[in-house]
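Remarks on the structure that follows.
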Amino acid sequence: MKIYCIGIGGIGLSALARYYKHEGHTVLGSDSTSSQLIGVLRKEEIPVSIGTYVADITSDIDLVVYTIAIAPDNEELARARELGIPCMSYPEALGEVTKKKTTIAVCGTHGKTTTTAMTYYALKACGINPTVIIGSLLTDGGTNFIPGDSEYLIVEACEYKRSFLNLHPTHVIVTNIEADHLDYYKDYDDVHRAFQSFADKIPESGFLVTHSNVLLETKGKKITTDDVAAEDISLTVLGNHNKENAQLVIALARAFNLDESKIREGLNSFPGTWRRLEYKGRTEHAVTVYDDCGHHPTEIKATLQALRER
């Protein structure tokens, strides 16, 4: 197929574009501004135009995938629809990918990026090579897409505008649920209903892995972290909140009957992800610098607590 991506520089859509390229499709796209991610795409021979180029939308394109961040009147999207080209949002397109694999979807108000990456490191330590699409960059390698050769796909599942309801998960990890994205959701109950709708998509053969204080039901098997002691977890990354994330990965690994000692080795080797308490270095005046994108009050508290412990 020939696939055109509008907003290809986005953290999610750039990963999906790289997945398409790895699967043998012809991929190109556009974005409003240049970025580090666009540089990565170009190195992988994915052409990217900066700006809006309606002329790039030609009748030989088989599919247009667009970020939900673009304006409803985007000229490239309008042209694609005029030509009758199938158009899908990024969440819709990612949903089609999840149909093809045993999909482990990681969601939650906080920690989903880190937990997605931790799950990858844990499975990799057990000799399983999953495909990964993550909403950040791994510190080790600086990538948001990892091609795998196993049946497993690990994806970060975003709750904003109920995007994750486009996915078809086999197993789901829920880190936590709090009131967030209140530009879209009415209140906490509205947020919780969205997560319950996502949990409802788990098949009977699947697992819902979460902490016992997260009140969700599933027709699959519900697994909690009650039997995984946080104080027994050793990590390179900072903070009790990361130990809580690791508890979820260990609980999932136990459900898969994987070697727990290898799982813990994998978790301990996890170096972190981009802008999640990311160590940047020290200044000439011996000031230690970390970069963190946490903005929700709970995230800020967790970051400050981790740094004080350090």
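The values are calculated or read from the model by the stated rules, or taken from the named source; none is laboratory data. Not measured: the values here are computed from a predicted model. Cβ coordinates were reconstructed from backbone atoms using ideal geometry, including for glycine residues, and neighbour counts include every protein chain displayed. Quick note on the areas: whole protein, heavy atoms, side chains included, nothing else; ligands and nucleic acids left out. Shrake-Rupley method; radii C 1.70, N 1.55, O 1.52, S 1.80 Å.
If you plug the beta carbon distance of Tyr53 and Thr288 into 1/(1 + (r/R0)^6) with R0 = 41 Å, you get a FRET efficiency near 0.40. Take every pair of alpha-carbon atoms less than 8 Å apart whose residues are at least six positions apart; their mean separation over the length of region 135-202 yields a relative contact order of 28 percent.
A straight line joining the Cα centroids of region 200-238 and region 163-191 runs 16 Å. For the pair region 76-150 / region 18-71, the C-alpha centres are spaced 17 Å from each other. The calculated 222 nm mean residue ellipticity attributable to helices in the chain amounts to -10000 deg cm²/dmol, summing -39500 (n - 2.57) over DSSP H runs of n ≥ 4 and dividing by all residues. Computed with a 1.4 Å probe on the full set of protein chains, the accessible area for Val54 sits at about 50 Å². Computed on protein heavy atoms with a 1.4 Å probe, the accessible areas place Thr218, Thr26 in the order Thr26, Thr218, largest first. Computed about the Cα centre, the dipole magnitude for the chain is approximately 360 debye when only Lys and Arg (+1) and Asp and Glu (-1) carry charge, each at its Cβ.
Taking other residues whose beta carbon is less than 10 angstrom from the beta carbon of Lys243, and scoring Lys, Arg as +1 and Asp, Glu as -1, yields -3. A full extension of the chain between Glu309 and Lys280 corresponds to an added length of 8.6 nm, given 0.36 nm per residue minus the alpha carbon distance. Note on Lys243: lysines with a C-alpha under 22 Å away, same-chain residues under 8 apart excluded, are Lys112, Lys124, Lys222, Lys262, Lys280, Lys301. Ordered from largest to smallest accessible area (heavy atoms of protein chains, 1.4 Å probe), the residues Tyr279, Tyr90 come out as Tyr279, Tyr90.
Within region 232-276, find all residues whose amide N lies under 12 Å from a label point positioned 7 Å from the Cα of Glu178 along Cα-to-beta-carbon. What the label zone holds, given the 12 Å backbone N cut-off, is 241.
Can you list the residues of region 146-173 with backbone N under 19 Å from a point 7 Å past the Cα of Lys219, pointing along Cα to Cβ? Answer for this model: 165-173.
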